[in-house]
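The values are calculated or read from the model by the stated rules, or taken from the named source; none is laboratory data. Note that the structure is a prediction, hence the values are computed from the model and not measured. Counting neighbours? That spans all protein chains shown, and the Cβs are built from the backbone with ideal geometry, glycine included. The protein model used for the area step is the full one, side chains on, heavy atoms only, and it has no ligands, DNA or RNA in it. Shrake-Rupley method; radii C 1.70, N 1.55, O 1.52, S 1.80 Å.
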Amino acid sequence: MNKEDIAAILANYTFDSFEKFEFQAFGAGLIHGTYLIETEASKFILQEFNNDVFQFPDRISHNQRLVKSQGNVTFLPFQLPLPILNSNNGLITTVGSRLFRLFEFVSGQTIQEITALDQAYLAAKAYGVFAAWGKDVDTDQLLESIPNFHRLDLRFAKLKEVAAEKGSVSQVDQEVLNFYLGQKDLIDAYQKLQSTLPERLTHNDTKINNLIFSHDFQKVEALVDLDTLMSGFLMYDFGDLVRTVACSVSETSQSWDEIKLEIPVFEQLLKGYWGGVKSLATKDETKSFLLAGEVMTCIMGLRFFTDHLQGNVYYKVDYPLQNLDRAKNQMILLKSIQTSKPELEKIWKSVTQS
């Protein structure tokens, strides 16, 4: 976009004149196009909303308005940057056929992976504090911005359906398929838990890069990327932390021998998250944290492998077999988590006093 395009968007916001501003591309996001806007007095983030990925922008706006109206953000120890209202009292601004949002800029540092154990603790504590803060939000009023996003049983059923339609597959595909179809015990355990867990306000994408740390990494300044705010289980948020933060390598790595669960990181994640939710979590929710990493890793493996069998229709790939490799990556991590279960249970008992 050029300056003229951005000026036309900013004209929809009247709290600042925006007569003089500078802009530049910002961040490394893969979904929304993002720009840093600098005026004489302030900084803002302008984001082009990708409604190919998020097909229900009105649901996202509804959830964000609800959270803002029912939760008092002054009680949070960090910022929760939600879109600034435009002159029409909307969170999303339409220019032509394109959608945009404007946010206040939060100064700090973002990271793609941890470099110290205390970063894992701080990250998990922030997500836990957010979950506890959201206890007063009426989850019955929240809408599904991505339908059935973390339903492990439905993702499992979808893989079975796609595999049956596909018929014969390569030997490599068959090995991965057999592994995921062999996770029936995990699916059953998930469904049993699912019937006992209360619905909570959940972030649903608890990666380390969805937090802004202070410049000295001593605290979390903001929790961002709030498009996936929905009703869900605490297990989802803690599990995605385990999957993404406690894995030795990224989900795109093909270094098969290096992929494993980092148990010391798991321990810090559990200590941090439990520190945030211990006054909130029920007995069944507390139990669910032990299964959470398996659930979320299996979900992502199922999604990657299903997309591979369907011809890469959902996830962007840099090469034809990338979704297969992603599914293998998650398969190895899931094996590592399951093999580590006795040690993880000891940590879980110690931390939660269960």
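This table checks each residue for (1) at pLDDT 95 or above; (2) open to solvent by 70 Å² or more (accessible area, probe 1.4 Å); (3) not aromatic (Phe, Trp, Tyr); (4) not in a helix (DSSP H, G or I).
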residue: PHE54; (1), (2), (3), (4): no, no, no, yes
residue: VAL67; (1), (2), (3), (4): yes, no, yes, no
residue: THR74; (1), (2), (3), (4): no, yes, yes, no
residue: PRO77; (1), (2), (3), (4): yes, yes, yes, yes
Pairs where the first residue, in region 167-195, is farther than 22 Å from PRO320 by Cβ and the second is among the small types (Gly, Ala, Ser), C-beta under 6 Å, 6+ apart | LEU193/SER288
Please give the number of the condition LEU186 fails out of (1) more than 21 Å from the chain's Cα centre (by Cα); (2) more than 18 Å from PHE149 (Cα to Cα).
-> (2)
For region 314-323, does any single residue satisfy the condition of being in contact with a Phe, Trp or Tyr (Cβ under 7 Å, 6 or more places away or on another chain), crowded, with 24+ Cβ neighbours inside 10 Å, of a type outside the set (Val, Ile, Thr) and closer than 20 Å to ASP185 by Cβ?
-> no
Long-range neighbours under 8 Å by Cβ, at least six apart or interchain, first residue over 21 Å from ASP185 (Cβ atoms) within region 148-165, second open to solvent by less than 20 Å² (accessible area, probe 1.4 Å) and in a helix (DSSP H, G or I) | PHE149/THR228; VAL162/THR306; VAL162/LEU309
Residues THR115, THR110: which one is open to solvent by 70 Å² or more (accessible area, probe 1.4 Å), farther than 30 Å from ILE60 by Cβ and β-branched (Val, Ile, Thr)?
-> THR115
Does THR206 satisfy the criteria of being out of contact with any helix residue (DSSP H, G or I) (no Cβ under 8 Å at 6 or more places or on another chain) and either at pLDDT 95 or above or over 20 Å from MET300 (Cβ atoms) (or both)?
-> no
In the set ASN89, ASN50, ASN63, which member is out of contact with any strand residue (DSSP E or B) (no Cβ under 6 Å at 6 or more places or on another chain), on the phi > 0 side of the Ramachandran plot and not hydroxyl-bearing (Ser, Thr, Tyr)?
-> ASN89
Sort through ASP227, ASP188, ASP216 and tell me the only one that's at pLDDT 95 or above and either aromatic (Phe, Trp, Tyr) or within 24 Å of GLY272 (Cβ to Cβ) (or both).
-> ASP216
Exactly one condition in (1) at pLDDT 95 or above; (2) over 22 Å from the mean Cα position of the chain (by Cα) is not met by LYS166; state its number.
-> (1)
Can you find a residue in region 11-24 that is open to solvent by 60 Å² or more (accessible area, probe 1.4 Å), among the basic types (Lys, Arg) and either free of Cβ contacts under 8 Å to residues at least 24 places away in the same chain or not in a helix (DSSP H, G or I) (or both)?
-> yes
Taking the condition polar (S, T, N, Q) and touching a residue at least 12 places away in the same chain (Cβ under 8 Å), does ASN312 pass?
-> no
Among all residue pairs at least 6 apart or on different chains, which show Cβ distances below 9 Å where the first residue, located in region 46-71, is hydrophobic (A, V, I, L, M, F, W, C) and the second is in a helix (DSSP H, G or I) and open to solvent by 70 Å² or more (accessible area, probe 1.4 Å)?
-> LEU66/GLN141
